[in-house]
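Since the structure comes first, as structure tokens, the remarks are kept for the end.
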Amino acid sequence: MTYKILKGEELGFEYLQKIMEIDKEVYSGLGMEGALEQMEKRYRKNKETFVVLENAESGETAGYINFFPVNEKTFKDIMCGSEQIRDDDIEPEEMADYAPGCHIYIISVAIREKYRGKENGASKALSDAWIAYLNELADKYGLVERKKQNDGSLGKVKEVRMDISGTTVSDGGQRFLRNHLFVQTRTIENNEKVCICENRSLVKLLNNELNFKTHRDDIYLFLPFTTEDKDTAVNLLFDSSTQCANENMQAKDQEWEIPHFLMEKLKYCIDYECEDSVAEEIETAYLGAFDFLHTNDLYEGDVVGEEKIHCLLTAHRKTCLYVLTIIFTDSKFYTTQIEDQFSYNYLRIKNPDGGGDYIAIEKYLENRYGLISCGKGKILVCMSNKPENPEEFRHIMAAEVFNGLEQEYTLSCDGEIAKKWCETDCTHYNSYSIFLSNLVIAFIPDEFDSNAKNRIEQMATYAFIAILTMFQNTSIARINKKIAKALSYEGRIANKDVLEVYKEFGKTARFWEIHTYRYAGAQLEAECIIKAFGNAELMAECERQQEFLEKIVNLQASENAKRSGFFLNIMAVIIALYQLKDSVIAIIKNFYNWINEESSYLEFSQINPEKAYYLIMTGCFVLFFVIRRILRDKHDRIQKKIFTHKKKK
């Protein structure tokens, strides 16, 4: 479908009636339709305030955007004053002229129902026309500074001298502002969001460097956790009475249906596909629904939006291993930004305890259940199709933001690793395609069902393998923590520490057995995931650390043997000297007699020779141990300096 673009100064007052028809069609159900009289008054004040989309064939008005500068007082009222949306009540005297430092306010964005949808292209056409008109106005009134190109001409926007704000009253409005890089500043009545686009975001908007999602997806984040001991609050989640209470409480909430269905399917797949010895020990529990914070890659606390997520916990309590599954169902937010928050470890939820602030998921789980993060998580993305832009799919597989604000580079298409990630289908079945990286599983079914339950039913047949593989990663990370803890005891490691590490590993051995899976197909899928996740390399590193730990223990045993030999020698010397006690005392007596003969003023004969013997022996041993301690401390300082130097390298 082709469209004609009309700008504000090209319309005329009589055209405003056509715009009002769209306004009534779109906003009447929300009670937000404007009045023609108010629109005419504002249009009389400033005509450069509209972009209109017309059907080029029929001439029908398809959609429009209405925006204009407002004065400083009105801008402050919009951003932090009024608790009601500022809309058609804005009077002409509250408007301002286009000038450097101006505040543009979007009062309305509307597209007729029949022109919506990606196939019609109206939204993209209106967006492009609006951005082009903004650039025209910005150049006309000096609202931007542009980069100079090599030939002396002006290129892309470098700096802006304005900002653009707006308030959303619908999901469509939120999506429009989000797609155009607006961030939320506050929430007013009826959950309406006040948003703004400024600085780097506005530069990117004016340069039309936007990214529109061209696929649908369900996103699953798998995060590994452990506990210090088995007696923690997390056990309450798996108590039968607690689970029944949760189910009764959540049964009233339709949102509970999705996570509950996933729990059932995961349990079914584990019971059906895995050996009984493993299946019987795996448990799942529902943690609840949370409001997830979506931000941008600046990570300065900007709120792009919130999304309802669900959290499941899969547990192997015998080994204190847990995998948290965070579920984003048919997410409307950018896949790569969610992944980037995962990679940046910036996963925040609205604090369930109240206050309106956001708290890190890991911190919340530690405070509430005693769960401690243990290793690096993984991502599974169930996608309707690959994105239209191949670069975006490379970033999905790398779990890095695509077309972000902080960075302008993209992953090279020439890299062998990226090519392998994006082009090698690792599936062993014919109903879906699988693409694997060290962090991401892209699961693309042949048919992306519109029903979330049907998607979950198909995806669960693969997700349970990923979760069990996560137990492998978590067990390695937990063992490595144990080794690091043992090595942190200033080199004093006991055999019981080594034994504890081996016991820990022995308990998790079943997760390493490929025959844990009953069927060859699941075994093949598991081998692919294990290879992609680099579990063999992790295991090799773990074994190296264990060897290092054993070497230290052996060295300590050798040193202890030397120390024991030394003390045995000391004891032998003491015994020998004790056996010579009488001879030594005789020598002391002779010494006293000689001294008394030579000295008339000192009577040594008054000192007990036997007491003198013990004093001399004690003094010699004290002196010996003091000297030995000084030499030992000097040796330890030298070794510490060498260790610190190597660590810095």
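Structural remarks
- Annotation: of all residues in segment 63-92 being touching a residue at least 60 places away in the same chain (Cβ under 8 Å) and among the hydrophobic types (A, V, I, L, M, F, W, C), the one that is farthest from Glu25 (Cα to Cα) is Cys80.
- Qualifying residue in segment 48-62 (condition: open to solvent by 30 Å² or more (accessible area, probe 1.4 Å), touching a residue at least 12 places away in the same chain (Cβ under 8 Å) and touching an Asp or Glu at 6+ places or on another chain (Cβ under 6 Å)): no
- Count of residues meeting criterion [without any contact (Cβ under 8 Å) to a residue 24 or more places away in the chain, of a type outside the set (Gly, Ala, Ser) and farther than 21 Å from Thr474 by Cβ] in segment 337-358: 3
- Among the residues of segment 5-30, those identified as without any contact (Cβ under 8 Å) to a residue 12 or more places away in the chain and more than 15 Å from Arg112 (Cα to Cα) are Glu10, Gly12, Glu14.
- Just one of the numbered conditions (1) part of a helix (DSSP H, G or I); (2) in contact with a Ser or Thr (Cβ under 6 Å, 6 or more places away or on another chain) is not true of Phe448: (1).
- In segment 338-357, residue surrounded by the fewest Cβ atoms within 10 Å (Cβ to Cβ) [restricted to those that are assigned to a helix (DSSP H, G or I) and out of contact with any Gly (no Cβ under 9 Å at 6 or more places or on another chain)]: Ser343
- Complete set of residues in segment 359-397 that are open to solvent by 20 Å² or more (accessible area, probe 1.4 Å), over 30 Å from Arg317 (Cβ atoms) and in contact (Cβ under 8 Å) with a residue 40 or more places away in the chain: Ser384, Asn385, Lys386, Glu388, Asn389
- Condition met for Val26 (open to solvent by less than 30 Å² (accessible area, probe 1.4 Å) and at negative phi): no
- Every residue from segment 150-181 that is within 15 Å of Asn207 (Cα to Cα) and either surrounded by fewer than 21 Cβ atoms within 10 Å (Cβ to Cβ) or under 29 Å from the mean Cα position of the chain (by Cα) (or both): Leu154, Gly155, Lys156, Lys158, Glu159, Arg161, Asp163, Asn179, His180, Leu181
- Helices (runs of 4 or more DSSP H) wholly inside segment 1-107 containing at least 2 residues that are more than 21 Å from Asp139 (Cβ to Cβ) and of a type in the set (Val, Ile, Thr): 16-27
- Checking each residue in segment 417-452 for being loosely packed, with under 14 Cβ neighbours inside 10 Å and within 24 Å of Trp256 (Cβ to Cβ) picks out Asp449, Ser450, Asn451.
- Elements of type strands (runs of 3 or more DSSP E) in segment 250-337, at least 1 residues being in contact with a Lys or Arg (Cβ under 8 Å, 6 or more places away or on another chain) and within 26 Å of Ser384 (Cβ to Cβ): 283-294, 305-316
- Residue match in segment 140-149 (condition: open to solvent by 40 Å² or more (accessible area, probe 1.4 Å) and assigned to a loop (DSSP other than H, G, I, E, B)): yes
- The test for being open to solvent by 30 Å² or more (accessible area, probe 1.4 Å) and under 16 Å from Ser165 (Cβ atoms) holds for Lys73.
- Matching residues in segment 106-139 - criterion: being surrounded by fewer than 17 Cβ atoms within 10 Å (Cβ to Cβ) and among the small types (Gly, Ala, Ser): Gly117, Gly121, Ala132
- Which numbered condition Lys318 misses (of (1) at pLDDT 90 or above; (2) open to solvent by 50 Å² or more (accessible area, probe 1.4 Å)): (1)
The values are calculated or read from the model by the stated rules, or taken from the named source; none is laboratory data. These numbers were taken from a predicted model, which means no experiment stands behind them. Neighbour counts run over all protein chains shown; Cβ positions are idealised from the backbone, glycine included. For accessibility, only protein heavy atoms count, side chains too; no ligands or nucleic acids. Shrake-Rupley method; radii C 1.70, N 1.55, O 1.52, S 1.80 Å.
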